[in-house]
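The values are calculated or read from the model by the stated rules, or taken from the named source; none is laboratory data. Keep in mind it's a predicted model, so treat the numbers as computed, not measured. Every residue, glycine among them, receives a Cβ derived from its backbone with ideal geometry; neighbour counts consider all protein chains shown.
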Amino acid sequence: MPPVPLIDPLKVNFSHVVADQATIRLRNRQRFEMEQITAIVLVDPDNHLIVGYKDVTDNEFWCRGHMPDYPIMPGVMICEVAAQMASYYSHNLAGPGKFIGFGGMEEVRFRGQVRPGDRLIMVAKATRLHPRQTIFEAQGFVGDQMVFHGRIIGLSLPQITPVEVGESN
């Protein structure tokens with residue numbers, strides 16, 4: 001049985017964009033194919049809640065090979081959307097020279113399909129905010145149908161500067 005929704009996704013004002021992709025890029029490091037958030041529409045610091053969405057198109061890198069002729073968004077990509085939402089919310093928490101990266105997931109369940117043309121609404125609520133670890137309860141919806149829920153864990157990771165990329169020890 002799915003958990004109680006953190007919010008009613010049909011009551012979210014999607015015309016009030018808090019952060020577009022350019023603003024999201026100021027906080028999240030993913031680029032190109034790995035940018036998985038279209039917009040953030042709600043940030044509620046009092047309740048540690050964030051709501052955003054991913055507009056899924058038929059140009060997604062996975063469409064060609066993940067169920068050809070009937071593309072379905074891979075579960076791992078849905079989890080990535082949740083992780084990026086959590087990372088956006090907790091961007092200042094890790095401190096100088098660090099960022100909150102994807103550390104794990106627990107109790108993940110998929111309850112429906114996400115396909116090209118769908119808007120995947122992602123809701124995440126922080127249950128632990130600490131500089132070394134964050135934990136978010138996350139739920140994904142297409143319309144009012146919950147298609148995903150799980151716990152997303154973030155860990156403090158060192159930022160790699162361009163000079164460090166490719167160096168070996």
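Just one of the listed residues (G112, G65, G95, G117) is closer than 25 Å to R27 by Cα, more than 13 Å from the chain's Cα centre (by Cα) and not in a strand (DSSP E or B), and it is G95. Figure legend. Inter-residue proximity from segment 5-28: first residues in contact (Cβ under 8 Å) with a residue 40 or more places away in the chain and under 18 Å from H91 (Cα atoms), second residues part of a helix (DSSP H, G or I) and among the aromatic types (F, W, Y), beta-carbon distance below 7 Å, spacing 6+ or different chains. Indicated pairs: I24/Y88; R27/Y88; N28/Y88.
Only residues that are surrounded by fewer than 16 Cβ atoms within 10 Å (Cβ to Cβ), within 24 Å of R128 (Cβ to Cβ) and in contact (Cβ under 8 Å) with a residue 60 or more places away in the chain were counted across segment 29-55, and they come to 2.
Selection within segment 68-88: residues that are of a type outside the set (A, V, I, L, M, F, W, C) and in a loop (DSSP other than H, G, I, E, B). The member of this set that is surrounded by the most Cβ atoms within 10 Å (Cβ to Cβ) is P71. Pairs linking a residue in segment 119-139 that is in contact (Cβ under 8 Å) with a residue 12 or more places away in the chain and farther than 17 Å from I40 by Cβ to a residue that is hydroxyl-bearing (S, T, Y) and assigned to a strand (DSSP E or B), with Cβ atoms under 7 Å and 6 or more positions apart or on different chains, are P131/S156; R132/S156; I135/T127; E137/T127. From the list P158, P162, P74, the lone residue that is under 21 Å from R31 (Cα atoms), touching a Phe, Trp or Tyr at 6+ places or on another chain (Cβ under 9 Å), modelled with pLDDT under 95 and not hydroxyl-bearing (S, T, Y) is P158. Whenever a residue of segment 61-84 is more than 12 Å from Q113 (Cα to Cα), its partners that are in a helix (DSSP H, G or I), lying with C-beta atoms within less than 7 angstrom and at least six residues away or across chains, give the pairs F61/E33; W62/M77. When each of R115, R29 is tested for being of a type in the set (D, E, K, R) and either modelled with pLDDT of 95 or more or in contact with a helix residue (DSSP H, G or I) (Cβ under 6 Å, 6 or more places away or on another chain) (or both), the lone residue that passes is R115.
In summary, Q36 fulfils each of the numbered conditions (1) in a loop (DSSP other than H, G, I, E, B); (2) out of contact with any Lys or Arg (no Cβ under 6 Å at 6 or more places or on another chain); (3) under 27 Å from Q159 (Cα atoms) with the single exception of condition (2). Does I7 qualify as being in a loop (DSSP other than H, G, I, E, B), in contact with a helix residue (DSSP H, G or I) (Cβ under 6 Å, 6 or more places away or on another chain) and under 22 Å from Q145 (Cα atoms)? It is false that I7 is in a loop (DSSP other than H, G, I, E, B), in contact with a helix residue (DSSP H, G or I) (Cβ under 6 Å, 6 or more places away or on another chain) and under 22 Å from Q145 (Cα atoms).
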